[in-house]
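For reference, the structure is listed below as structure tokens.
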Amino acid sequence: MALIIRSSAIHAAGCYTTGPIRKGTQVVEYTGPRITKEIADEKYENSPTTYLFGVGDGSTVIDGHGTAMFINHSCDPNCETEEIDGRVWIMAIRNIAAGEELTYDYYLYDGDEDEARCNCGAENCRKSMYSPEEIRRRARAASKKAVHKTASNGRRAKKHSR
Ligand SMILES: [Zn+2]
């Protein structure tokens, strides 16, 4: 089994397997330098694309570099990630056929304003790469913001009305 990177229908480039992979296989490690969350936030403050993977309690992140960083998100994935002795592995959660694109659920958290829209095309697609908990948290934050916006819009509208 070899993994190749080529263009993907889901997003930009994706990671494909040239051979079949059996369910339960430890497919590839999520590699890259380990940096603190603070340094990552600083380094990627203005970057729309990051490949950060939180490990342990999340104070350390892997700054993705290598094959695994190309694996796209799907809401109906064929892999999942598992932390084993501080290392992050992509594991097959079902049998995968040769030529299939590898995917796992990103369960993004701690994002900024970006909505991380999902285009995976799965029937159960939740339209976002954020974790369900993060979607709920962001919805609460957004509804708070919406109230503020409505109030100021109201004021502005009044000012400009004739
Ligand atoms: Zn999706």
Pairing a residue in the stretch 29-56 that is of a type in the set (D, E, K, R) with any residue that is in a loop (DSSP other than H, G, I, E, B), where Cβ atoms lie under 6 Å and the two sit 6 or more apart in sequence or on different chains, gives Lys37/Ser59
Checked the stretch 102-129 for anything crowded, with 19+ Cβ neighbours inside 10 Å, within 8 Å of the ligand (Cβ to nearest atom) and hydrophobic (A, V, I, L, M, F, W, C); matches are Cys118, Cys120, Met129
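Condition first: part of a loop (DSSP other than H, G, I, E, B), polar (S, T, N, Q) and within 15 Å of the ligand (Cβ to nearest atom). Can you find one or more residues in the stretch 70-86 that meet it? Quick ask: steps written out before the conclusion?
Taking the stretch 70-86 as the starting set, the residues that turn out to be part of a loop (DSSP other than H, G, I, E, B) are 71, 74-78, 85-86.
Those still in the list that are polar (S, T, N, Q) too: 74, 78.
Right, trim to within 15 Å of the ligand (Cβ to nearest atom) and you get 74, 78.
For the stretch 70-86, residues part of a loop (DSSP other than H, G, I, E, B), polar (S, T, N, Q) and within 15 Å of the ligand (Cβ to nearest atom): present.
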If you go through Thr17, Thr50, Thr60, the only one that is in the same structural domain as Gly121 (by TED's automatic domain parsing) and modelled with pLDDT of 95 or more is Thr17
Look at Gly19 and say whether it is surrounded by fewer than 16 Cβ atoms within 10 Å (Cβ to Cβ) and either in contact with a Gly (Cβ under 8 Å, 6 or more places away or on another chain) or within 22 Å of Ala2 (Cα to Cα) (or both).
yes
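Would you be able to tell me the number of residues in the stretch 44-81 that are aliphatic (A, V, I, L, M) and surrounded by fewer than 18 Cβ atoms within 10 Å (Cβ to Cβ)?
Here is the first cut: in the stretch 44-81, the ones aliphatic (A, V, I, L, M) are 52, 55, 61-62, 68-69, 71.
If we keep only those that are surrounded by fewer than 18 Cβ atoms within 10 Å (Cβ to Cβ) as well, we get 55.
The number of residues fulfilling the criteria is 1.
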Across the stretch 22-43, the tally of residues that are exposed (fewer than 14 other Cβ atoms within 10 Å of the Cβ) and over 26 Å from Asp114 (Cβ atoms) stands at 4
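The values are calculated or read from the model by the stated rules, or taken from the named source; none is laboratory data. All of these numbers come straight from a predicted model, not from anything done at the bench. No Cβ is skipped: glycine too gets one built from the backbone with ideal geometry, and neighbour counts run over all protein chains shown.
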